[in-house]
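Reading through the C-alpha cells given below for one structure.
The values are calculated or read from the model by the stated rules, or taken from the named source; none is laboratory data. If you're wondering where the values come from, they're calculated on a predicted model, not measured in any experiment. All Cβ positions, glycine included, derive from the backbone under ideal geometry; neighbour counts span all protein chains shown. Just so you know, the surface numbers come from the protein's heavy atoms only, side chains and all, with ligands and any DNA or RNA stripped out. Shrake-Rupley method; radii C 1.70, N 1.55, O 1.52, S 1.80 Å.
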Amino acid sequence: LITDIRLRRVLDSRGNATVEADVHTESGGFGRGKAPSGASTGEYEAIELPAQEAIANAREDAFPRLIGEVHAGNQRDVDAALHAADGTDDFSGIGANSAVAISMAAAKAGADVLGAPLFQHLGGTFRGNEFPTPLGNIVGGGEHAADATNIQEFLSAPVGAPSVEEAVFANAAVHQEVHDMLADRGIPAGKGDEGAWAPSVSDDEAFELMDEAVSAVEDDVGFEIRFGLDVAGAELYDESEGGYVYDDGVKSTDEQIDYIAEKAQEYDLVYVEDPLDENDYEGHAELTERVGDRTLVCGDDLFVTNVSRLGEGIEQDAGNSILIKPNQIGTLSDAVDAIELATENGYASVVSHRSGETEDTTIAHLAVATGAQFIKTGAVGGERTAKLNELIRIEDNAA
Ligand code: PGA
Ligand code: ZN
C-alpha cells in the first residue's frame, strides 16, 4: 500500500522547473519519478501545468485517492486514481507533469517491493536480440535551436548493430564525426536542447553531412547504419502562409509530401516523424503509401500517445509507427495501451524522451518491457546518456 508521496520542484535539462515524485510503500518500497517537458509540443497533448501549481493540485486532489488507498505495484489502480483525481480528459486538473511523475514513481516503488527490475515489473521478460534500437539526434534545429536547420532532428539509426551497447556507441561516433566534419569546413556549431549539433547550415547540407558521417562510421563499425528525421511538421506549418515555411520558401502540402518522399528515396531514410501537420491524417496516409515499404512514418504530434488519435490514424492508414511519450498522455498505463493498440495493428512503437529531460530512466525500461522497435533518447549529454547507459546495464544484466 502507498503510505506516503512527496512532490517537489526540481530542475530539468533546460533549467526549467519540473515535478519530482517520491512514492513510499508500507513494506518499505521506494520509487522516484520525474516529468520531462516538450518545446515542440503537440496541440492535442495532455496539459502540463506550472510545476508549483501541478504540485499543489496533486497534493490536494490525488493524495487522498492514493495514500492508504492503492498498491504501488498495481499500476492500473494507481493510474485510474490519477485520472479520477484529475477529473478532466487532458490532465488539466492536476497537471500531466504531476500525473506522469507519480505514475513512474509508483511503478518503480512497485518494482522495488518485488525486488524486480522495472522493465520486468512493466511486463517485459528479457527480450534478447529484440532490444530497441536507439535513434540518436545528431544534427537539428527547429524549435530546439535558433538559426539552424528547418527540420527539427536528423537521427542516426544503427539498425544493424549486434547489441544496444554497440548501437549507443555508433550513434556517439556519428555525433563525433559530424563535429569533425563541421570543424574541417570551418562551420561553428553549438548544440540544441537535445545535444544535437545546431550549425547554421541548410537542410540540404544537413542531409549530406548525415549521409557522409553515417557512411564513415558504418565502414568503421562494420554494421548497417541508416538515418531518419523528425520533421516536426506542425511547427513548420502555417495555414496563413499557405503551407510549410522553410528559410528558402513555402511548400504546399503536395510539395511537402513530394519533398519528404524524394529525400526518403534519395537517402533511404529508415524513419520520418511528423512529416506533415498534426491535423493532416490524409497527407500522412499519402506519404505512407509512397514510402511506407522502406521507411517508418511515425506520428508524434499527430498521435500524442493517445489511443483515440492512433485509432483514427489506423483507420486512415496515416502512418506505420507511433512515438510514445508518457507525459503526452499522463500515465504509464495509457502509454502501454497506445503501444498495445499499435502492435495489434502492425505499427512500430518508438519510445521517446522530450527536449526538456531529467536523469529519470523510466523510458529505457518501458522500451525494453514493451519490445519497442526504437527508442529515441538522444546521443550525448547527461540527461540523454542516463537512459542510454541504463539500456546498456539492462542488456548487460540480462546476458
Ligand atoms: P519536444 O520535441 O520534446 O520538444 O516536443 C521532441 C519531438 O518533437 O520529438
Ligand atoms: Zn517529434
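Excluding ligands, DNA and RNA, the accessible surface per residue across the chain is 38 Å² with a 1.4 Å probe.
Simple point charges give the picture: +1 on the Cβ of Lys and Arg, -1 on the Cβ of Asp and Glu, and for the chain a dipole about the Cα centre of about 2080 debye.
Describe numerically, in nm with one decimal, the distance between label points set 7 Å from Cα along Cα→Cβ at GLU224 and at ALA116. For the pair GLU224/ALA116, the computed spacing is 3.4 nm. Among the trypsin sites (Lys or Arg not before Pro) within region 83-188, those in coil by DSSP and having at most 15 neighbouring Cβ atoms inside 10 Å are ARG185. If the segment from ALA146 to GLU359 were pulled out straight at 0.36 nm per residue, it would be longer than the present Cα-Cα gap by 74.2 nm. Relative intensity of region 1-160 on a log10 scale, I(q)/I(0) at q = 0.17 Å⁻¹, equals -1.03, per a Debye sum over C-alpha point scatterers of equal strength in the absence of solvent. Overall shape: oblate for region 173-301, with the ratio a/c of the largest to smallest alpha carbon gyration tensor axis at 1.5 or above and b/c at least equal to a/b. For a straight C-alpha distance cut-off of 17 angstrom, the aspartates and glutamates reachable from LYS108 (same-chain residues fewer than eight places away being disregarded) are ASP4, GLU20, ASP22, GLU26, ASP77, ASP79, ASP334, GLU359, ASP360, GLU390.
Modelled this way, with points 7 Å down the Cα-to-C-beta line, the labels at ASP396 and ASN345 are 4.0 nm from one another. Measure off, as a whole percent, the carbon and sulfur share of the 1.4 Å-probe accessible area of region 141-216, all protein chains present. The C+S portion of the solvent-accessible surface of region 141-216 is 43 percent. Placing unit charges on each Cβ (+1 for Lys and Arg, -1 for Asp and Glu) gives the chain a dipole about its Cα centre, and among GLY186, THR305, ALA51 the Cα reaching farthest toward its positive end belongs to ALA51.
Helical runs (DSSP H, four residues minimum) scored at -39500 (n - 2.57) apiece and divided by the length of the chain put the mean residue ellipticity at 222 nm at -13000 deg cm²/dmol. The GLN176 and ALA17 beta-carbon pair, evaluated with R₀ = 25 Å, returns a calculated FRET efficiency of approximately 0.15. The simple spin-label model puts a point 7 Å past each Cα toward its Cβ; for GLU289 and ASP254 those points are separated by 1.4 nm.
Under 16 Å of direct C-alpha separation, and excluding same-chain neighbours fewer than eight residues apart, LYS263 reaches these lysines: LYS251. With the cut-off at 1.5 for a/c, could you classify region 334-399 from its C-alpha gyration tensor as rounded, prolate or oblate? In terms of gyration-tensor shape, oblate.
Using 0.36 nm per residue and subtracting the Cα-Cα separation, the extra length available between ASP89 and ARG185 on full extension is 29.5 nm.
Annotation: average projected area of the chain is 17.9 square nanometres, based on the convex hull of Cα atoms across all directions.
Once you order the gyration tensor axes a ≥ b ≥ c over the Cα atoms, which shape class does region 99-181 get: rounded for a/c under 1.5, otherwise prolate or oblate by comparing a/b with b/c?
Oblate shape, in that a/c is at least 1.5 and b/c is the bigger or equal ratio.
Would you mind calculating the gained length between GLU312 and SER240 on full extension (0.36 nm times residue separation, minus the Cα-Cα distance), in nm to one decimal?
Gain in length upon complete extension: 23.3 nm.
Report the charge-dipole magnitude of region 1-69 in Debye, nearest 20, computed about the Cα centre from +1 at each Lys and Arg Cβ and -1 at each Asp and Glu Cβ. Kindly include the intermediate steps, with their values, before the conclusion.
Numbers: 8 positive and 12 negative charges, 58 e Å.
Taking the Cα centre of region 1-69 as origin, the dipole is about 280 debye.
Share of carbon and sulfur in the accessible area of region 217-303 stands at 35%, probe radius 1.4 Å. First select every other residue whose beta carbon is under 12 angstrom from the beta carbon of ASP396; then total the charges, Lys and Arg +1, Asp and Glu -1. Summing Lys/Arg as +1 and Asp/Glu as -1 gives -2.
Each of VAL291, VAL336, GLY382 was placed along the dipole of region 257-399 (beta-carbon charges, centred on the mean Cα), and the one lying farthest toward the positive end is GLY382.
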